[in-house]
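K.L.:
Structure below; questions to follow.
Readers should treat all values here as calculations from the given coordinates under stated rules, not as data from a laboratory. Quick caveat: nothing in here was measured; it's all calculated off a predicted structure. Here the Cβ positions follow ideal geometry from the backbone for every residue, glycine too, while neighbour counts run over all protein chains shown.
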Amino acid sequence: LDAAKRLQDAGDWGAARRKYTELLDRAESVLPPGDLSEIHDRRGRCCEQEGELALALEDYCQAIAVSGERHSLLLHRARLLYRLGRWTEAEWDLSVAATLQPQHAATHALLRKARADARSAKIRVVFTAPAELGISFSCVPDPTSGKVRELAVTEVDRGSQAAHADPCVQVGWRVVAIGDTSVNTLVA
């Protein structure tokens, strides 16, 4: 572990990543949760530096799964999610991180940016076939008009069109239109 940390501190991301992987391969089952979480987090940061963003995200998720929601782990994952344009997911992590460390200015600054980007983002997704999309939604109707006030993605089935669309549909996305029809004109 010390050798991997030295390599990482020296900026030798690839060598550090290999050392962390070797350590996990040999000792993952006997490492205490804190060490295991730290190794996944550190390997994630190495992966991120090397541009292996999907692998970095996997490691950050694993680190959180092992040791629970810790500020530093949530912040690392949120920064990557933000970088990937997954602003709503970044906002969720940052909201929890902000409650864990209310005085951490960088967390609050990124949370404000993620919220603003999540609200203003508009991504057009076109499906190729009129088959099952594989998406579940949460609908918030306007109590007076009965029209849809907000429609959000709550689940994306693996292997579905939504999971393989370009871009992939993400849990938490707000739906603003279906085709050329604004969701605010639909009746809930």
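K.L.:
Report the label-to-label distance for Glu50 and Arg112 in nanometres (one decimal), using points 7 Å from each Cα along the Cα→Cβ vector.
P.N.:
Going from the Glu50 label point to the Arg112 one covers 3.7 nm.
K.L.:
Further question: Taking H placed 1.01 Å from N in the peptide plane, check which residues at least 5 places from Glu155 or on another chain put their amide H under 5 Å from its amide H.
P.N.:
Placed amide hydrogens put Ser136 under 5 Å from Glu155.
K.L.:
At a Förster distance of 22 Å, what's the computed FRET efficiency of Cys139 paired with Asp180, Cβ-Cβ distance as r, to 0.05? All intermediate terms of the calculation are to be shown ahead of the outcome.
P.N.:
On the way: r = 20 Å, r/R0 = 0.89.
Here the calculated transfer efficiency is 0.65.
K.L.:
Please list the helices of the chain that count as membrane-span-like by this rule: a mean Kyte-Doolittle hydropathy of at least -0.5 together with Cα atoms stretching 20 Å or more along the helix axis, each helix being a complete DSSP H run. Before the final figure, lay out each step's value.
P.N.:
Values: long enough: 13-27 (21 Å, -0.98); 33-49 (24 Å, -1.42); 53-67 (21 Å, 1.15); 105-120 (23 Å, -0.45).
Taking the DSSP H segments of the chain (at least 20 Å long, mean hydropathy at least -0.5), we get 53-67, 105-120.
K.L.:
Let a ≥ b ≥ c be the square roots of the eigenvalues of the Cα gyration tensor of segment 1-50; is it rounded (a/c under 1.5), or, if not, prolate (a/b larger than b/c) or oblate?
P.N.:
prolate
K.L.:
Based on the mean of other Cβ atoms within 10 Å per residue, sort peptides 78-84, 27-33, 38-44, 113-119 so the most packed one is first.
P.N.:
Ranked by mean Cβ neighbours within 10 Å, highest first: 38-44, 78-84, 113-119, 27-33.
K.L.:
When only Cα pairs under 8 Å and 6 or more residues apart are kept, what is the percent relative contact order across segment 22-133? Don't skip to the answer; put the middle values down first.
P.N.:
Working: 107 pairs, mean separation 19.1, N = 112.
Here the relative contact order equals 17 percent.
K.L.:
Using a Förster distance of 41 angstrom, determine the FRET efficiency expected from the C-beta separation of Ala188 and Leu84, and round it to 0.05. All intermediate terms of the calculation are to be shown ahead of the outcome.
P.N.:
On the way: r = 31 Å, r/R0 = 0.76.
Efficiency, rounded to the nearest 0.05: 0.85.
K.L.:
For Ala177, what residues show an amide H to amide H distance below 5 Å, using hydrogens built from the backbone and excluding near sequence neighbours?
P.N.:
When sequence neighbours closer than 5 places are left aside, the close amide H contacts are Val183.
K.L.:
Before anything else, pin down the relative contact order of the chain: Cα pairs under 8 Å, at least 6 apart, normalised by residue count, whole percent. All intermediate terms of the calculation are to be shown ahead of the outcome.
P.N.:
Details: 263 pairs, mean separation 22.4, N = 188.
Result for the chain is 12 percent.
K.L.:
Continuing with this model, one more query. Once a ≥ b ≥ c are taken as the square roots of the eigenvalues of the Cα gyration tensor of segment 54-108, is the result rounded (a/c under 1.5), prolate (a/b larger than b/c) or oblate (a/b not larger than b/c)?
P.N.:
Details: a/c = 2.17, a/b = 1.21, b/c = 1.79.
Note, shape of segment 54-108 comes out oblate.
K.L.:
Counting C-alpha atoms alone, how compact is the chain: give Rg to one decimal and Dmax as a whole number, in angstrom.
P.N.:
Spelled out, the Cα radius of gyration and Dmax of the chain are 19.7, 64 Å.
K.L.:
Let me ask something else. Long-range amide H contacts for Arg149: which residues qualify at under 5 Å (H placed 1.01 Å from N, peptide plane, sequence gap of 5 or more or a different chain)?
P.N.:
Val140, Asp142
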